Amino acid sequence: MQQNFYRHAMTCGLILGLVFSVNFLLSLSKSLWLGLLTYFVMATIIYLTYRFVCHYRDTEQSGVISYGRSLWYIVVLYIFAAIISSAVKYVYFQFINPDYLNEVLNMTMATMEQLQLSLPEDDAYDYLENMLTPINFTLQYIWVNAFLGFLVGVVMAAFVKKDKGIFDA
């Protein structure tokens, strides 16, 4: 049963990771229409999450799943999806557009100057520069997406959970 849990989560996580990756690639565009399309992709992610959990409940759990089990499934699903999308992000930051993170660093420093934050500039720049390497940035996204999965799961698990009926054998 546990093996089917992870196999199902990995298979669905691969699909969800590809959708995460599409969302990331669309968010890079300067086009307004492609930027608006990311909202549709986010709604698709929520819908797919719901469908995947329901599919797991109905096929692997005989139609019965607890709140905790569905929450855990969603978190694991998002972790696998985050690993897939982080690999795409790493390839993009490392090989396709290696200047992207430097541009983000420069924009962040400019924003900090405009806000007149009282941070030691050399320390802040060094810290951000270390944080905005392709590997560090993509690893951070794994934890961000796992946390996002937890938040989605807290709400969605309440809708997906299904207890055994009193007349069920």
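Worth a mention:
- Against the list (1) under 22 Å from Ser27 (Cα atoms); (2) out of contact with any Lys or Arg (no Cβ under 9 Å at 6 or more places or on another chain); (3) part of a helix (DSSP H, G or I), the condition Pro98 fails is (3).
- Subset of the stretch 68-97 [crowded, with 18+ Cβ neighbours inside 10 Å and among the small types (Gly, Ala, Ser)]: Ser70, Ala81, Ala82, Ser85, Ser86
Condition check ((1) within 18 Å of Leu139 (Cα to Cα); (2) in a helix (DSSP H, G or I)) across all residues:
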| residue | (1), (2) |
| --- | --- |
| Ser21 | yes, yes |
| Phe24 | yes, yes |
| Leu36 | no, yes |
| Tyr47 | no, yes |
| Asp58 | no, yes |
| Gly63 | no, no |
| Trp72 | no, yes |
| Ala81 | yes, yes |
| Glu103 | no, yes |
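- Residues in the stretch 24-65 that are surrounded by 12 or more Cβ atoms within 10 Å (Cβ to Cβ), among the hydroxyl-bearing types (Ser, Thr, Tyr) and either within 17 Å of Val152 (Cβ to Cβ) or in contact with a strand residue (DSSP E or B) (Cβ under 8 Å, 6 or more places away or on another chain) (or both): 5 in all.
Readers should treat all values here as calculations from the given coordinates under stated rules, not as data from a laboratory. Computed from a predicted model, the values in this text were never measured in an experiment. A quick note on method: Cβ atoms are made from the backbone with ideal geometry, for glycine too, and the neighbour counts reach across all protein chains shown.
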